[in-house]
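Here's the structure we're looking at; comments come further down.
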Amino acid sequence: MTTPRKTARKVIVTCAVTGSIHTPSMSPHLPVTPDQIAAEAIAAVEAGAAIVHLHARDPDTGRPTQDPELFARFLPRIKQATKAVVNITTGGSATMTVEDRLRPAAHFQPEVASLNMGTMNFGLFPMLNRFTEFQHDWERPYLEGSRDLVFKNTFKDIEHILKTCSGNGTRFEFECYDISHLYTLAHFLDRKLVTPPLFVQSVFGILGGIGPHPEDVMHMRRTADRLFGDQYVWSVLGAGRNQMPIATQALALGGNVRVGLEDNLWAGPGRLATSNAEQVAMVRKLIEGLALEVATPDEARAMLSLKGGDAVKF
C-alpha cells in the first residue's frame with residue numbers, strides 16, 4: 001500500500017521593499033521613486049513573496065515620507081499586477097509623529113499594517129562608520145540624529161493605531177524588537193483590542209532592540225510560545241548580515257521570514273543585492289532546501305485570516 005505524501009509546511013515570505021532605515025547613497029539599487037517601488041514589489045512577488053511591506057519616499061531626495069499621494073502612485077499598480085498581500089507601514093520613520101505615520105494605512109485600509117510594539121532607542125548612527133559620502137544633505141543628519149532620538153510608540157499610540165485601523169478590517173504585523181514588546185502585545189490581547197491569529201514579526205539586530213545571537217532568537221520564540229500558544233503566526237527579520245542566518249534558524253523552528261532592502265542591502269559579503277527579488281530568491285532556496293514550500297498570497301491570507309484584496313481602498 002502506498003503511503004500518502006505528507007503536505008509540506010507553507011512558509012510566508014514577506015518582502016520589505018524600501019523602508020526608512022537606509023538612505024539612497026548607500027546603494028544604487030534602493031528603490032526611491034514610485035516607479036521603482038512598484039517594479040521592485042512586483043518582481044519580489046514574482047520571485048515568491050506573498051506579502052510586500054511598503055514605505056514611500058520623496059522621489060527627488062529619497063527621504064522617507066508618509067504622504068498618501070505618493071503611496072497612491074504605486075499601490076494600485078502592485079494590486080493590478082499581482083495577488084500580493086499589501087502591508088502598509090504605520091512605523092514610517094522614528095522622526096515622524098504617530099498621526100503622520102498613520103495617514104496612509106488609515107486612508108487606504110490595507111489588509112495588513114505594520115505596528116511597532118514599544119518605544120525604543122533606534123540607533124542608525126553606526127552606519128556612518130561604513131558610509132561617508134552622501135548625495136543629499138538630509139542623509140548624514142538623519143543618521144547622526146539617531147544618537148539622541150526616541151522612537152515613540154506608547155500604549156496610547158498603539159491603542160490609537162489599533163482602534164483606527166481595526167474598524168477598517170485591517171490586521172497587523174506586530175513588529176517586536178524586544179521581549180518587552182511581546183508582553184505589550186499580550187496586554188492588548190488580554191484587553192481584546194487584538195484578535196488571533198497574531199502575526200508576530202520578531203526583529204533582530206537593530207541597535208536598541210534585541211540582538212541577533214541564536215539564543216536571542218530562541219528566547220523570542222520560547223516567550224511568544226508561552227504567551228500566545230497556538231494563537232500566533234511567527235515571522236522573523238534579521239538586520240543587515242544577520243538576515244539569512246536568522247531566517248535559517250527560524251525556518252528550522254517553524255517560523256516564517258521577511259527579507260528585503262529595508263532590512264539588508266547585501267546579498268553576501270561585500271556584495272550589494274541588486275534587487276529585492278534577489279533576496280526573495282535566496283530565501284526561497286533556503287525554504288525549499290528544508291523541504292518546505294513558499295506560501296502563495298492566498299495561502300498567506302488564509303493563515304492570517306485577512307479580509308482579502310478586494311476590500312482595500314486602492
Selected residue (only one of D225, D230 is surrounded by fewer than 19 Cβ atoms within 10 Å (Cβ to Cβ), of a type outside the set (G, A, S) and in a loop (DSSP other than H, G, I, E, B))
D230
Hey, any hits in the stretch 71-89 for a residue that's over 27 Å from A302 (Cα atoms) and touching a Lys or Arg at 6+ places or on another chain (Cβ under 6 Å)?
no
If V217 passes every condition in (1) assigned to a strand (DSSP E or B); (2) under 19 Å from G255 (Cα atoms); (3) not acidic (D, E) but one, which one does it miss?
(1)
Filtered residues of the stretch 247-265 (kept if under 16 Å from A281 (Cα atoms) and not acidic (D, E))
A247, T248, L251, N256, V257, R258, V259, G260, L261, N264, L265
Out of all the residues in the stretch 28-38, is one or more among the charged types (D, E, K, R) and farther than 23 Å from L237 by Cα?
yes
Taking the stretch 266-283 as the region of interest, how many residues are in a helix (DSSP H, G or I) and either among the hydroxyl-bearing types (S, T, Y) or surrounded by fewer than 21 Cβ atoms within 10 Å (Cβ to Cβ) (or both)?
3
Going through T61, T33 one at a time, which residue ends up being touching a His at 6+ places or on another chain (Cβ under 6 Å) and at negative phi?
T61
Which numbered condition R63 fails, given (1) under 15 Å from G19 (Cβ atoms); (2) of a type in the set (D, E, K, R); (3) without any contact (Cβ under 8 Å) to a residue 12 or more places away in the chain
(3)
Which of the residues that make up the stretch 296-314 are under 19 Å from E40 (Cα atoms), part of a loop (DSSP other than H, G, I, E, B) and not β-branched (V, I, T)?
F314
Residue check: is H107 at pLDDT 95 or above, within 30 Å of T296 (Cα to Cα) and more than 18 Å from the chain's Cα centre (by Cα)?
yes
Exactly one of these conditions fails for L124: (1) in contact with a helix residue (DSSP H, G or I) (Cβ under 7 Å, 6 or more places away or on another chain); (2) surrounded by 18 or more Cβ atoms within 10 Å (Cβ to Cβ); (3) within 20 Å of T195 (Cβ to Cβ). Give me its number.
(3)
Among the strands (runs of 3 or more DSSP E) confined wholly to the stretch 1-120, which include 2 or more residues that are among the aliphatic types (A, V, I, L, M) and within 19 Å of T170 (Cβ to Cβ)?
51-54, 85-88, 112-116
Hey, among the residues in the stretch 291-307 that are hydrophobic (A, V, I, L, M, F, W, C) and under 14 Å from G254 (Cα atoms), which one's surrounded by the most Cβ atoms within 10 Å (Cβ to Cβ)?
A295
Under 18 Å from the mean Cα position of the chain (by Cα), at pLDDT 95 or above and farther than 25 Å from T223 by Cα - does that describe any residue in the stretch 284-294?
yes
Within the set of pairs 6 or more residues apart or between chains, which connect a residue that is in contact (Cβ under 8 Å) with a residue 40 or more places away in the chain and farther than 17 Å from V236 by Cα inside the stretch 287-314 to a residue that is assigned to a loop (DSSP other than H, G, I, E, B) and among the acidic types (D, E) with Cβ atoms less than 8 Å apart?
R301/E111; L306/E111; K307/E111; G308/E111; G309/E111; A311/E111; V312/E111
D230 being free of Cβ contacts under 8 Å to residues at least 24 places away in the same chain, more than 23 Å from I51 (Cα to Cα) and acidic (D, E)
no
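The values are calculated or read from the model by the stated rules, or taken from the named source; none is laboratory data. Please read these numbers as outputs of a predicted model, since none were measured by experiment. Virtual Cβ from ideal backbone geometry, glycine too; neighbours counted across all protein chains shown.
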